[in-house]
Structures are given as C-alpha cells and as structure tokens.
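Undergrad: What follows is a single structure, and I will ask about it in a moment.
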Amino acid sequence: MRALPVVTRPDGFDALVVRTDYRDDQAWRNVVAALAEPGGGRQYEAHVHFVDDPVWAAATVDEVLAAVCGDDDLAVVFLADGTTMRAENHALLAVTTLTREECEDDEDYEQLIEFGREFRTVPAAVHDVHANLSIGNLGFEEYAAWAHDDPDGTYRSF
C-alpha cells in the first residue's frame, strides 16, 4: 500500500470528495457541477472539499482511508472512482471512516458494516449522507441498507 498525502479539510463540515480516476476530465467536471448544487431541495448551500491531484490516481479505498485517518470529525469519505466517472448518474463511492477500534465492541462494528463499509450514492445525496453522519442523526449502516435495497445498489436521497 502506497502512502498518500495526508488530507485535512479547511472546514470540518465540508464533505470530502477524493478523485481517484483521471481518465475523463469532462466526467469529473460533471461530478463537480453536480456536487455544487445546493442540497435539501435547494435549501442548503453545498460544502465540499475536493482532492483533485493525479497523485491520487488509482488510489484504493484503504489508501484513501489511511490518508484521512487524522480527521477525527470525518465519518465518511466519497471517492470519485472509475465507476463514478463512467456511470450516467455519477454515483460516488461512500466509505465509512470508522474502524473496529472506534466502535464499542465487535457487535457494534458488525452492525456498522452489515451491508459493507461502502456504498454508492448519487451526487445529490452526498450532502444528506455527510451531514447526517456528521451530526449522528443517522448511521452509516442505515444508508448502506437503503443503497442495498435499491435495484442499482445506489442511495438516491429521501
């Protein structure tokens, strides 16, 4: 596993999106534009911190998690990977940053990752996921379950 630069968000409430695929700049611009749209029925301004540096090309989930582990307030990181860039809906990969060590016990961790430690979410839902996980309103496992129940395996927002 390669070491990537440590990531810190200038504003702890910004959603963190890491670009790991650099084959299609137009697709990336489309992802960025979709993430810049206000959330909550256009009620809430979008707050996103983008990591857009080719050093992250083909970074694995574990490499990204290692680079963001110093951000104690970060509950989820979103990856703009090859699947994101090729998909019509540009669904990002949402990955929990919580580890077994941060959970109370094995049972809590197993519940957290019951549907996996990652799921896909459309750009319009990124703000919903990030905000609710940040304030503890909903758990990662709830979003992962909703994505699991979707025919395409994607969380699409309320």
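Undergrad: Amide H of V18 versus every other amide H placed in the peptide plane: which residues, excluding those fewer than 5 positions away on the same chain, fall under 5 Å?
TA: V51, F78, L79, A80
Undergrad: A further question follows. How big is the Kirkwood radius of the stretch 1-73, worked out from every pair of different alpha carbons and given in Å to one decimal?
TA: In the stretch 1-73 this quantity evaluates to 13.4 Å.
Undergrad: Out of the GluC sites (Glu not before Pro) in the stretch 69-158, which ones are loop residues according to DSSP with at most 13 other C-beta atoms within 10 Å?
TA: Of the GluC sites (Glu not before Pro), the ones in loops of the stretch 69-158 whose Cβ has at most 13 other Cβ atoms within 10 Å are E88, E104, E114.
Undergrad: Quick one: compute a quarter of the convex hull surface over the Cα atoms of the stretch 65-158 and quote it in nm².
TA: Averaged projected hull area, Cα only: 6.1 nm².
Undergrad: How about the stretch 1-84: which trypsin sites (Lys or Arg not before Pro) there lie in a loop by DSSP and see at most 16 other Cβ atoms within 10 Å?
TA: Passing sites in the stretch 1-84 are R2, R23, R42.
The numbers here are math on the coordinates, done by the rules we state, and not lab data. Keep in mind it's a predicted model, so treat the numbers as computed, not measured. All Cβ positions, glycine included, derive from the backbone under ideal geometry; neighbour counts span all protein chains shown.
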